[in-house]
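The values are calculated or read from the model by the stated rules, or taken from the named source; none is laboratory data. Source: prediction; values computed, not measured. With ideal geometry, Cβ positions are generated from the backbone for all residues, glycine too; neighbour counts draw on all protein chains shown. Accessible surface areas use protein heavy atoms only, side chains included; no ligands, DNA or RNA. Shrake-Rupley method; radii C 1.70, N 1.55, O 1.52, S 1.80 Å.
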Amino acid sequence: MASIDLDKVLDKSWADKSLPEILGAPVGALKGVSDRDGELLREAFGVTTIADLAHLKYVRWAQALAALDAAE
């Protein structure tokens, strides 16, 4: 089973929320992502939630390329 330290990746106000709530949260709930960053992601890619960001094809492509590089 995968795990993650939510205190390290989420703003404090989101760390005690359920996973469905977190996935539905605005991307600004991620530590280091500002409200302005969230606006730019929405404008550029239509991303409004953490789930949208996770499913963004460009993010998945970049992750796949990085995984290939790590496997070499």
Where the Cα atoms of the chain are projected onto their three principal axes, how long is each span, largest first, in whole Å?
39, 33, 20
For residue 10, the residues 5 or more places away or on another chain with a placed amide H closer than 5 Å to its own amide H are 31
Show which lysines lie in cross-link reach of residue 8 when reach means a straight Cα distance below 24 angstrom and same-chain residues fewer than eight apart are skipped.
17, 31
Once the piece of chain linking residue 57 and residue 42 is laid out straight, how much longer is it, given 0.36 nm per residue of separation minus the C-alpha distance between them?
4.0 nm
Computed over the stretch 24-72, protein heavy atoms only, probe 1.4 angstrom, the accessible area per residue in square angstrom equals 70
Taking the chain and dividing mean pair separation by its residue count, relative contact order in percent (alpha carbons under 8 Å, at least six apart):
23
On the accessible surface of the chain, probed at 1.4 Å, how many percent belong to carbon and sulfur atoms?
59
What does the charge dipole of the chain about its Cα centre add up to, to the nearest 20 debye, if the Cβ of each Lys and Arg holds +1 and the Cβ of each Asp and Glu holds -1?
80
